[in-house]
Every structure is written in structure tokens, then in C-alpha cells.
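Working notes for the structure below.
The values are calculated or read from the model by the stated rules, or taken from the named source; none is laboratory data. Predicted, not measured: the structure shown is a model, and the values here were computed from it. Every residue, glycine among them, receives a Cβ derived from its backbone with ideal geometry; neighbour counts consider all protein chains shown. Just the protein is used for accessible areas: all its heavy atoms, side chains included, with ligands, DNA and RNA removed. Shrake-Rupley method; radii C 1.70, N 1.55, O 1.52, S 1.80 Å.
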Amino acid sequence: MLRIGICDDIQDARFSLRCALERALERRKTKAAFFEFSTGERLIRWMENHTGELDLVFLDMEMGDLDGIETAQTLRAADDGLQLVFVTGYSDRVFDGYSVGALGYLMKPPKPEQLDDILTRAAVALFKDTDKTFICRHGDVTYRILTKNILYFVSDRRQVTCVTLRRSYTFYGKLDQVEKAVGTGFVRIHQRYLVRAAAVEHISNNEVHLGDTVLPVSRSCQQNAMLALTRATLEG
């Protein structure tokens, strides 16, 4: 399912774009969940607690105090894997969005073929980043987390928590399964802990430091963990 955000300070414009997107997605037989925001400020506040919960955001360039470009800059800093598309009624602004790595732009009202093109490119971009992304699910919510933003995973019985600099994501699973999914960039240092090697700042005989966080290294994992972390530090 594609998670799509629409941010526009005009309700009719949000409704119109959503209807057009629903028709385009129906042609593609793709399901989607929509999230609507009337200002850039509201979208940013929502994203503070929901980073990784949107795949694609359509931003109106001409909004009140915080316009589409300023909103996009904040969104990009929080989630650089988020696909952004600008919507504008003024052709002289169409190139402004490329400074924040926008997927593209649409002139109001968007034509069906333009929406199809944007959705195709969004799908390609999201698929291309699959090997750089860890995806997990809790209840009805699916999280898309860039692996480079992950600090470590910690397990507690049947639950695993993925810790990043900005927030934590808890889901049901086993750390062994997570270890297989994330690949060689992560090192098991304990029965309960799996760390991203490149995030480790300092290592000692029985603990690793990730910024202000200190995690224990178990005796059973010590030799393999220290070799792997030392190698990653030297390669980095």
C-alpha cells in the first residue's frame, strides 16, 4: 500500500488532487492511504511523531506562512528517503523544487498522464531504495526506515525496537529475523542488541558507545562483535 500525503491550504484543491490520484491508482490497481494537511506547519508537526509513515507527499508551493519549499526543506532533513512532488499554479516556480531533491512537479490541475508518470517514478524510486530501507509493521502502521539512520535494534521478548536519532519504532518480531533482513552492515553484540556498525563511535572489551548511548557486549558475542566492529571502523 502506498502512503500518500497531500498538503495544500485550499480544501477544494486537496479534494481535487485526491480524487485524481484515486482514479490514477485505480487504473494501476494500487491501494493507497491518504493523509491530508492544510498547512506546512501541521504536516511538519505530524511528521515529528510519524517519520517513516509516508512514502510520497504532494506539496502546494503557494501556502501561507510556510510555503512548499520551506516545508520540503524541513521534511527532507527529517526523512531524506521521502518522495516529494510539488504542485503549483505558476509555471515560473516549477524549477524551485529541485533544490530539495523533488521527484517532480505538477501544474494545477494535474493531467492524468502527468499523475501516471509521477506515480511510476515514485514506485521506481521506492523500489530502488529497498536495499537501503528496513520495513517493519506494527498494527495497521507500516514504517519505512532508511538503514543509514538506524543506530541499533533491541529485543524484549516478542517485541523489537528500532532506535534512530529521531525516534524509535516498536514491532513484533525476532532479532534473528531482523539480523537476516538488514544484512552485513549490522553486528550482533548481545542476545538482545544488534547495532549498525557505522554508528558505533567507540568500542571496549564489554561495551560499545553510540553517542550518549552505551550498550553491553555479551561474552558469547564479544570476539566476533569486536572483530566486525573494528573492521567496520577501519573501513569507515
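Looking across the range 124-142, just one residue is in contact (Cβ under 8 Å) with a residue 12 or more places away in the chain and over 14 Å from the mean Cα position of the chain (by Cα), and that is HIS138. Take ALA33 and tell me if it is among the small types (Gly, Ala, Ser) and part of a strand (DSSP E or B). Considered against the rule, which asks whether it is among the small types (Gly, Ala, Ser) and part of a strand (DSSP E or B), ALA33 comes out as yes.
Name the residue that is surrounded by the most Cβ atoms within 10 Å (Cβ to Cβ), counting only residues in the range 166-182 that are part of a loop (DSSP other than H, G, I, E, B) and either touching a Cys at 6+ places or on another chain (Cβ under 8 Å) or without any contact (Cβ under 8 Å) to a residue 24 or more places away in the chain (or both). Per the criteria, the residue is GLY173.
Could you list, in sequence order, the residues of the range 44-77 that are among the small types (Gly, Ala, Ser), in contact (Cβ under 8 Å) with a residue 12 or more places away in the chain and surrounded by fewer than 17 Cβ atoms within 10 Å (Cβ to Cβ)? Across the range 44-77, the qualifying residue is only GLY64. Filtering ALA33, ALA24, ALA13 for residues that are open to solvent by 20 Å² or more (accessible area, probe 1.4 Å) and farther than 26 Å from PHE134 by Cβ leaves a single hit, ALA13. Of all residues in the range 10-28, those that are among the basic types (Lys, Arg) have Cβ atoms under 9 Å from Cβ atoms of residues that are assigned to a helix (DSSP H, G or I) and at pLDDT below 95, 6 or more apart or on another chain, in ARG23/PRO112; ARG23/LEU115; ARG27/PRO112; ARG27/ASP116; ARG28/ASP116; ARG28/LEU119; ARG28/THR120; ARG28/ALA123. The residues on offer are LEU210, LEU215, and the sole one that is touching a residue at least 24 places away in the same chain (Cβ under 8 Å), surrounded by 14 or more Cβ atoms within 10 Å (Cβ to Cβ) and under 26 Å from ARG76 (Cα atoms) is LEU210. Taken over the range 183-201, the residue count meeting the criterion of being open to solvent by 50 Å² or more (accessible area, probe 1.4 Å) and at pLDDT below 90 is 3. Taken over the range 213-236, the criterion of being closer than 11 Å to VAL200 by Cα and either at pLDDT 85 or above or among the aromatic types (Phe, Trp, Tyr) (or both) is satisfied by THR213, VAL214, LEU215. Candidates PHE37, PHE15: the one that is aromatic (Phe, Trp, Tyr) and in contact with a strand residue (DSSP E or B) (Cβ under 6 Å, 6 or more places away or on another chain) is PHE37.
So, in the range 109-153, of the ones that are at pLDDT 90 or above and acidic (Asp, Glu), which residue ends up most open to solvent (accessible area, probe 1.4 Å)? Across the range 109-153, the extreme among qualifying residues is GLU113.
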